[in-house]
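Okay, structure first, notes after.
The values are calculated or read from the model by the stated rules, or taken from the named source; none is laboratory data. Remember, predicted model here, so these are calculated numbers, not experimental data. Cβ sites come from the backbone with ideal geometry, for glycine too, and all protein chains shown count toward neighbours.
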Ligand SMILES: Nc1ncnc2c1ncn2[C@@H]1O[C@H](COP(=O)(O)OP(=O)(O)OP(=O)(O)O)[C@@H](O)[C@H]1O
Ligand SMILES: [Mg+2]
């Protein structure tokens, strides 16, 4: 037992008191509140607990809604939840699981059973934390972010991955543009498995070896977790599944490349939480530059320091605003400029990363330099 923080949510005073006393005696730090609203307020003020035990029927916000809300917040997306339910209310139990609960206990509560379940779940969680924290190689995470679609973010993600693999690094590319991701296409891969197949099962049981089976291999050495086959399937991938995928991809590898969506949702934010270096991709057009300004301001707001950001201007048209104009608009010079490449579209259409299709071209030189800068930039703690 490690003094974990347990949040008990029940509108029945007697049950709250009983749980608090019993679990505190067993060495846990217990907080008890009377409904979902109070529970969320407590999470907001005191941070996420290590485990939640919640009743179903409560005033203001019931337990099922609470489970749903906790799962929608990246800070609690993976927090274990045990639902308390009158033994005969099978519907509640099923609904609890479908909202993301990990286990349930019938009422009246047998406190010894509750304590045993808590201990079992926390032991598993500790096991996962130990694997992640074990002293071994843990990949640097590089995220490609863009405020406006079509600037060249996936082109950069694919080419940086390919350039680093060509240098002998072990690289995994996770396509986290869940609705419209097309990273696999840049490698001419039609993967048998996608992130949906990985996210469908009980993700807490997926080992690093299991995870590797969902990756598509490209002959460059890059391994790719492809986006869902259709936009509708994006919602089958939970925040917790994405967080876990990044953890699993990092184990024993050199670099994990994330191709993120333009949408600023909890999946994007959860990815940025664990990103070492953020490559903000922009293009020499007013609309792209404006959204890049907004993106940079957002990154500052969520606490990503300047040292972790690298702004890359992709000259994706032969014309466009010149470098001085771009710098003026953004109030900073881009860190890297990738020159226009006439054959960029052709390489993408063929599914050959540009750095491999045109190894001696000036755009390839810039892409390789970008890859080196990203991979060698010191990871700065958040
Ligand atoms: N250096 C370049 N020169 C010319 N064209 C380029 C260059 N880099 C990328 N492109 C082209 O820009 C287009 C958009 O690229 P890409 O799909 O990588 O953008 P994206 O930002 O990932 O878009 P989305 O928001 O749809 O995911 C593609 O047609 C690609 O070939
Ligand atoms: Mg893209």
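Quick check: is even one residue across the stretch 317-340 touching a residue at least 24 places away in the same chain (Cβ under 8 Å), in a loop (DSSP other than H, G, I, E, B) and within 25 Å of residue 218 (Cα to Cα)? Among the residues of the stretch 317-340, not one is touching a residue at least 24 places away in the same chain (Cβ under 8 Å), in a loop (DSSP other than H, G, I, E, B) and within 25 Å of residue 218 (Cα to Cα), which makes the answer no. Contact annotation: residue pairs with Cβ atoms under 7 Å, 6 or more positions apart or on different chains, pairing a residue in the stretch 261-289 that is in the same structural domain as residue 239 (by TED's automatic domain parsing) and farther than 30 Å from residue 320 by Cα with a partner that is assigned to a loop (DSSP other than H, G, I, E, B) and within 15 Å of ligand 1 (Cβ to nearest atom), are 267/178.
For residue 198, the criteria (1) within 16 Å of ligand 2 (Cβ to nearest atom); (2) over 26 Å from residue 345 (Cα atoms); (3) out of contact with any strand residue (DSSP E or B) (no Cβ under 6 Å at 6 or more places or on another chain) hold in every case but one, which is (1). Quick one: is residue 302 surrounded by fewer than 19 Cβ atoms within 10 Å (Cβ to Cβ) and either touching a residue at least 12 places away in the same chain (Cβ under 8 Å) or touching a strand residue (DSSP E or B) at 6+ places or on another chain (Cβ under 6 Å) (or both)? Considered against the rule, which asks whether it is surrounded by fewer than 19 Cβ atoms within 10 Å (Cβ to Cβ) and either touching a residue at least 12 places away in the same chain (Cβ under 8 Å) or touching a strand residue (DSSP E or B) at 6+ places or on another chain (Cβ under 6 Å) (or both), residue 302 comes out as yes. Summed over the stretch 126-145, residues that are within 23 Å of residue 312 (Cβ to Cβ) and surrounded by fewer than 24 Cβ atoms within 10 Å (Cβ to Cβ) total 3. Listed conditions (1) in contact with a helix residue (DSSP H, G or I) (Cβ under 8 Å, 6 or more places away or on another chain); (2) within 16 Å of ligand 1 (Cβ to nearest atom); (3) over 26 Å from residue 97 (Cα atoms) are all met by residue 184, apart from (1). Of all the listed residues (153, 165, 212), the sole one being within 16 Å of ligand 2 (Cβ to nearest atom) and at pLDDT 95 or above is 153.
Taken residue by residue, the stretch 146-154 has no member that is surrounded by 22 or more Cβ atoms within 10 Å (Cβ to Cβ), away from ligand 1 (no atom under 16 Å from the Cβ) and under 21 Å from residue 372 (Cα atoms). For residues that are at pLDDT 95 or above and assigned to a helix (DSSP H, G or I), scanning just the stretch 223-235, find the one that is surrounded by the fewest Cβ atoms within 10 Å (Cβ to Cβ). The selected residue is 232. Screening 101, 77, 87 for residues that are in contact with a helix residue (DSSP H, G or I) (Cβ under 8 Å, 6 or more places away or on another chain), modelled with pLDDT under 95 and away from ligand 2 (no atom under 16 Å from the Cβ) leaves exactly one candidate, 101. Could you grab me the full set of residues in the stretch 145-178 that are in contact with a strand residue (DSSP E or B) (Cβ under 6 Å, 6 or more places away or on another chain), within 17 Å of residue 221 (Cα to Cα) and not in a helix (DSSP H, G or I)? 169, 171, 172, 173, 174, 175, listed by residue number.
The residue list 310, 299 contains one member that is outside any helix (DSSP H, G or I), away from ligand 1 (no atom under 15 Å from the Cβ) and under 30 Å from residue 74 (Cβ atoms), which is 310.
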